[in-house]
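For reference, the structure discussed in these notes is given below.
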Amino acid sequence: MRIALIAYVLVFPMVCFGQETLLHKKTVETLREGDFGPNKKRYIHTFFKVGFYQKTNAWNACSIQGGNSFTTGYGIRYKRKLSSKLSYGYDLGYDFNQYRFKRDSSSLYSQLNGFLTADSLKTDKLTFGMLELAPYFRINFGQRGDHLGKYLDFVLSGGLMLSSKHVLKWDHPNSSIIKKSTYKSRRLGYTNKLFFGIEIRYGNAFYNLFIRYRCVDIFNSKLNERPYQPSLIRLGGYLIIPD
Amino acid sequence: MAIVVLSTCAQEKYWVYFSDKKGVTFNPKEYFHPNAIERRIKSNYPINHYSDRPLVESYVQEVVDLATLYKGVSRWLNAIVVTASYSQIEQIRALPFVTKIEASAYHSVVCTSEEINITGNDFEKRDLIRFQLDRMNAHQFKEHGITGRGLTIAIFDAGFPGVDEAPMFDHIRARKGIVGTYDFIRNTDNVYRKIEHGSMVFSCIAGVTKDSLRLGVATGANFLLAITEKLMKEGLAEEEAWLFAAEWADKNGADIINSSLGYTRRNHFKEDMDGQTAIITRAANLASAKGILVVSSAGNEGNKRHWMMVAAPADGDSVLAVGAINPWSGFHTNFSSFGPSSDKELKPNVTAVGHVIAYNETKTISETQGTSFSAPLVAGFAACAWQANPTLTNWELLKRIESSGDLYPYFDYAHGYGVPQADCFLSNTASKSNDSVFIVDVGDSVVTISIKTDLIINDTLFHFSENHDGVKNIITKREDGIKIDKNHPFIKHELFYYHLENNEGFLDEFSVLSVEKNPIAQIDLFRLKDRILRIHYLGFTRSIQF
């Protein structure tokens, strides 16, 4: 009873009888400026991203198909404001990658499967997912209100590979029995698990354009066949979903 | 290194202010429309004021030569807008006649519409058309043959498609009542394009339907139409366009500017809403100083937790900021922005109906909502009030409009002084000051407020009955759950208002209550210490100092 009375006094300091309070407003609520917002002390928002790996022909044995080799992901971005021009923060998200290789010589898998040749190989695809943490430093341009505005981010990205899969598809030499064969490998021992890279991104309100350079090879030394050398550079964009 | 290179090369937009206007020649009689000169004389403002003179051409040329792009010029601010790199702006800063440089925004964001169309039935539409003007008693202007004749209203908006051909504006076109047009975004005379928001606003000032129903009251005024807003916004560029449009309107003899535009968090912080920071507000104040009455929508931010308060230029202390009431419930509608300004000036100044019937893109009429439409109702009202009282200056008119509010002398930060009343401009209507309406009992711990029993009007607003034989399809409930009497959707409701004013002169809190039975309210005494309790009901106001 006492608690109920105290709660009543706290919640309804202004008591009205019989009437309905249609509007009640405290001025302090209107004037209060919070510290959460796109250009306030702290801000957090979600993002989606899509990027494409640079097409390469640098290695005779294995090149990358530009359009089919892509990255996509989503996550949250935290921002802490230092001044109207400078801020920092981090991205935390999931990063999915797919490489499509185009081979013109014998492959690793020819050792495993005698009848697989470069000519018969139709698909050579590597996919992997990563948990990614990417701290960044931001320079803002122009005067603005509580708005992300126009900016340039300098990003260090670190990723932990969570899953990987390598898929090969080829025309079987004995097509009267088997037309196509597929070979899938998971939990690959010949890829690195930890990655880092650097990224520069240009932002304008609700989108970013980025270029990223990966500083770590996908494949480790256990892969004794080096023609695999996935592209280190990817280009793409982020779509910012404001709070 | 990269940072230095990038920041050096980055192009930004800047305001460059000059020190003087030495040696310029200016003939106001050639430059200004005769109305503008007459307005200056009436406002006791010099017709050859320093701020109206052109900029020194050599100064402009020197800056333009150093900058990348020239974007515009303001006589009022003695400044030009340029796009320049960091190194260029440093060169410009070194010029001896440059006093100040301010960065301006240079980013693109997507424009969002604030208004929502709701379709009602014909009965409701016709009654709302009547009510949006009758709530201001504006029919009295018509009865006295007052239509804003001789006044020029400038409307700044996003576009006026259909105004050049829609029957709703025939009466204005027939007498060549549109005396000037300009698109300050694309620098052309054609304003009859883009989105129809401006056409809708125009209809709430002077539109007449094909069956002769008036949507606004200033059907006899002249008009200047300017586009200052664009779909893909460029941040502060629109505010700058507004400034250029204000100078253009001033030159062309505008008496009233209606601005149903508002700029909030994209360009500013709440603390910027202090009546002197936002460039659009500074422009509005300058226009007011030159004798123009600036009427601005308060903003549609009342239910947006990130902002809630009025939008620039409504924060200007010489701007008549107009909030919105809900015609069904009779008080503040939930989207209408709250005051005060961040320097604690009273905003909005007045209110009008914020759910209206207006022109739409199909060249017919439909219901729409927003303070965008309550402002032009008041702008048209102001034109008529000014025609009826031609000796008033713009500032005197603003104060008269405030004091004609149906709550005056009571005020709060949702309604201002209430809805202005036309009869105050047509006769010497004294405001009601008899406070015997209220019975205030100060006890040991609470103050109990009652109303003389015979004055309690048991409003049907909150006693909606499903058995009413009302018109079908009428909205019977607002979004916030308040029920509506569908037999009389649009009547003036008598509600009880109170606020607590602190010893610094601004309100700590305010409230609106329905009135059903005594006692009306009990207020804890400790909350009233060193405060003024002001209460209002049925046109009567009483203040009690604690």
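The values are calculated or read from the model by the stated rules, or taken from the named source; none is laboratory data. These numbers come from a predicted model, not from an experiment. Neighbour counts run over all protein chains shown; Cβ positions are idealised from the backbone, glycine included. Please note that ligands, DNA and RNA were not included when accessible areas were found on the heavy atoms of the full protein model with its side chains. Shrake-Rupley method; radii C 1.70, N 1.55, O 1.52, S 1.80 Å.
Tabulated results
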| quantity | calculated |
| --- | --- |
| Ellipsoid equivalent to the range B:2-104 - semi-axes via the Cα gyration tensor, in Å | 34, 13, 10 |
| Per-pair calculated FRET efficiency, R0 = 35 Å: B:Lys304 and A:Tyr94 via Cβ, rounded to 0.05 | 0.65 |
| Proximal aspartates and glutamates to A:Lys184, defined as alpha-carbon separation beneath 16 angstrom and excluding residues fewer than eight positions away on the same chain | A:Asp124, A:Asp171 |
| Residue-level accessible surface for B:Met309, protein heavy atoms, 1.4 Å, Å² | 0 |
| Overall form of the range B:257-412 per C-alpha gyration tensor (a/c, 1.5; a/b vs b/c) | rounded |
| For the range B:372-416, radius of gyration divided by Kirkwood radius, i.e. Rg to Rh on alpha-carbons | 0.99 |
| Pairwise centroid distance, computed over Cα atoms, of the range B:404-428 with the range B:268-292, Å | 24 |
| Listed residues B:Lys347, B:Lys176, B:Lys71 arranged by accessible area, highest first, probe 1.4 Å | B:Lys176, B:Lys71, B:Lys347 |
| Cα shape, chain B, gyration tensor, a/c 1.5 rule | prolate |
| Which of A:Glu132, B:Glu30 is most accessible, then next, and so on - probe 1.4 Å | B:Glu30, A:Glu132 |
| At most 11 other Cβ within 10 Å, DSSP loop - trypsin sites (Lys or Arg not before Pro), the range A:123-202 | A:Lys179, A:Arg187 |
| Nonlocal amide H pairs with B:Asn267, under 5 Å, H built at 1.01 Å | A:Gly145, A:Asp146 |
| Axial C-alpha extent at least 24 Å, average Kyte-Doolittle at least 0.0 - helices from chain B (DSSP) | B:371-388 |
| Amide H contacts of B:Ile451 (H built 1.01 Å from N, under 5 Å, at least 5 apart or other chain) | B:Ile439, B:Ile520 |
| Amide H within-cut-off set for A:Gly73, under 5 Å, with H built and near neighbours excluded | A:Lys49, A:Phe96 |
| Label-point gap, in nm, between B:Asp343 and B:Leu69 - each point 7 angstrom along Cα→Cβ | 3.3 |
| Where labels lie 7 Å past Cα in the beta-carbon direction, separation of A:Lys122 and B:Glu90 in nm | 6.2 |
| Eligible lysines near B:Lys142 by straight Cα distance, threshold 23 Å, same-chain separation 8 or greater | B:Lys125, B:Lys176, B:Lys210, B:Lys399, B:Lys492 |
| Label point 7 Å beyond Cα of A:Ser163 along Cβ direction - residues of the range A:68-88 with amide nitrogen under 16 Å | A:72-74 |
| Theoretical FRET efficiency, 1/(1+(r/R0)^6), r = Cβ-Cβ of B:Gln61 and B:Asp423, R0 60 Å, to 0.05 | 0.60 |
| Phi to ³J(HN,Hα) by Karplus 6.51 cos²θ - 1.76 cosθ + 1.60 over the range B:148-156, Hz, x for Gly, Pro | x, 4, x, 9, 10, 10, 9, 10, 9 |
| Total lysine pairs whose alpha carbons fall under 24 Å of each other in the range B:2-104 (8 or more apart, or interchain) | 10 |
| Heavy atoms of A:Tyr183: accessible area, 1.4 Å probe, square angstrom to 10 | 80 |
| Net dipole in debye of the range B:2-104 [+1 Lys, Arg Cβ; -1 Asp, Glu Cβ; about Cα centre; nearest 20] | 440 |
| For the range A:140-149, 3J(HN,Hα) per residue [Karplus equation, 6.51 cos²θ - 1.76 cosθ + 1.60, θ = phi - 60°, Hz, x = Gly/Pro] | 9, 10, x, 7, 7, x, 7, 8, 5, x |
| Accessible area in the full protein assembly, largest first, 1.4 Å probe, for A:Asp153, B:Asp508 | B:Asp508, A:Asp153 |
| Projected label distance in nm at B:Trp395 and A:Thr182, using a 7 Å step from Cα toward the beta-carbon | 8.2 |
| In order through the range A:124-137: 3J(HN,Hα) via Karplus (6.51 cos²θ - 1.76 cosθ + 1.60), integer Hz, x for Gly, Pro | 9, 10, 10, 10, 7, x, 10, 8, 10, 10, 9, x, 9, 10 |
| Under the Debye formula (equal points on every Cα, no solvent term), log10 I(q)/I(0) of the range B:345-460 at q = 0.12, 0.16, 0.21 Å⁻¹ | -0.61, -0.92, -1.18 |
| Proximal lysines relative to A:Lys26, as straight alpha-carbon distance under 17 Å, when same-chain residues fewer than 8 apart are discounted | B:Lys270, B:Lys304, B:Lys344, B:Lys347, B:Lys529 |
| In Å², nearest 10: area of A:Ile200 left accessible to a 1.4 Å probe | 80 |
| DSSP bridge orientation in chain B - percent antiparallel, rounded to nearest 5 | 70 |
| D (Stokes-Einstein, µm²/s), Kirkwood Cα radius, the range B:116-426, 0.890 mPa s at 25 °C | 133 |
